[in-house]
Amino acid sequence: DYNTRYKSTISPRIGLVYFPSGKLKFKFLYGKAFLAPSPYRTYQHYGSFLPVLDSAGQVTGLRSDFWRLPGDDLKSQKISTYEANFSYVFRRNLIFSLNGFFNDMDDILSSQGNTGQSFKGIPVTIIERPVNSGSAFSYGGTARLDFRQNWSSLSLNAFLAYTFVDGEIDDRQIPFTAQNTVKSVVDINFRRISASLKYLYRSQSYHRSL
């Protein structure tokens, strides 16, 4: 891909599926993607000037406390994803699957403030600009068991899954993400009557303000 704003980006994708037997399946995936900086994030521009007064109350110049200025030569955010999947069919109505992933992210957009700057020749206390300065990685996986049974007028669909997720953004733990999640659903259908029982558990998630 090529764009005059964020230049060139290569995004390869590859996948491999292997069936050792009719019951066993392996899947391996790799992909690379990008997120171009939006015009709003790139060219966002606001701030204000204030008058500088002398002892007589006369305006002698201008100053500013804060300006948000557009970014220079911003690059696309990039992510590389590695994924592996394993599934085994115990019986036609009972399947176990295991999925794992690893994500590596670079050139994450963030805001950077600098003091002692000037804009249009006027001193500014803080000038903030968007920059590519962040990196992150995440990894995890899901183990899941699916069960399905049909009788003459009754059907049962159920699954139980456990998910683990962790990672870091700029050497700090990923926020707002529960490391451990357990989810279970049981659906029962009898003729025109259906009922569903669901269970969801999430462990505590990290908040940056703590």
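Evaluating Phe28 against the criteria (1) within 22 Å of the chain's Cα centre (by Cα); (2) closer than 30 Å to Ala143 by Cα; (3) open to solvent by less than 80 Å² (accessible area, probe 1.4 Å) leaves one unmet condition, (3). It is to be established whether one or more residues within region 90-100 are in contact with a strand residue (DSSP E or B) (Cβ under 8 Å, 6 or more places away or on another chain), under 26 Å from Ser8 (Cβ atoms), in contact (Cβ under 8 Å) with a residue 24 or more places away in the chain and surrounded by 15 or more Cβ atoms within 10 Å (Cβ to Cβ). No; the residues of region 90-100 include none that is in contact with a strand residue (DSSP E or B) (Cβ under 8 Å, 6 or more places away or on another chain), under 26 Å from Ser8 (Cβ atoms), in contact (Cβ under 8 Å) with a residue 24 or more places away in the chain and surrounded by 15 or more Cβ atoms within 10 Å (Cβ to Cβ). Taking first residues from region 1-25 that are of a type in the set (Val, Ile, Thr) and partners that are at pLDDT below 80 and open to solvent by 80 Å² or more (accessible area, probe 1.4 Å), the Cβ contacts under 7 Å between residues at least 6 apart in sequence or on separate chains come to Thr9/Asp1. Looking across region 112-125 at every residue that is open to solvent by less than 60 Å² (accessible area, probe 1.4 Å) and touching a residue at least 40 places away in the same chain (Cβ under 8 Å), the one that is farthest from Glu83 (Cα to Cα) is identified as Ile122.
With respect to the conditions (1) over 24 Å from the mean Cα position of the chain (by Cα); (2) of a type outside the set (Val, Ile, Thr); (3) assigned to a strand (DSSP E or B), Pro130 falls short on a single one, namely (1). Candidates in region 165-179 are the residues that are within 11 Å of Ala136 (Cβ to Cβ) and part of a strand (DSSP E or B); of these, the one that is most open to solvent (accessible area, probe 1.4 Å) is Arg172. Test Ser64 against the stated conditions and say whether it is surrounded by 14 or more Cβ atoms within 10 Å (Cβ to Cβ) and either more than 17 Å from His45 (Cβ to Cβ) or not charged (D, E, K, R) (or both). In short, yes. Only one of the numbered conditions (1) in a strand (DSSP E or B); (2) farther than 30 Å from Ser38 by Cβ is not met by Ser152, and that is (1). Evaluation of Thr81 against the conditions (1) in a loop (DSSP other than H, G, I, E, B); (2) surrounded by 14 or more Cβ atoms within 10 Å (Cβ to Cβ) shows that the sole unmet condition is (1). Say whether the condition of being under 16 Å from Ser110 (Cα atoms) and modelled with pLDDT under 95 is met by at least one residue in region 13-20. Checking region 13-20: not a single residue is under 16 Å from Ser110 (Cα atoms) and modelled with pLDDT under 95.
Test Asn3 against the stated conditions and say whether it is of a type in the set (S, T, N, Q), open to solvent by less than 80 Å² (accessible area, probe 1.4 Å) and at pLDDT 95 or above. It is false that Asn3 is of a type in the set (S, T, N, Q), open to solvent by less than 80 Å² (accessible area, probe 1.4 Å) and at pLDDT 95 or above.
The values are calculated or read from the model by the stated rules, or taken from the named source; none is laboratory data. Keep in mind that this is a model prediction, so the values were computed, not measured. Neighbour counts are summed over all protein chains in view; Cβ atoms, including those assigned to glycine, are modelled from backbone coordinates with ideal geometry. Protein only, heavy atoms only, side chains kept; ligands, DNA and RNA dropped before computing areas. Shrake-Rupley method; radii C 1.70, N 1.55, O 1.52, S 1.80 Å.
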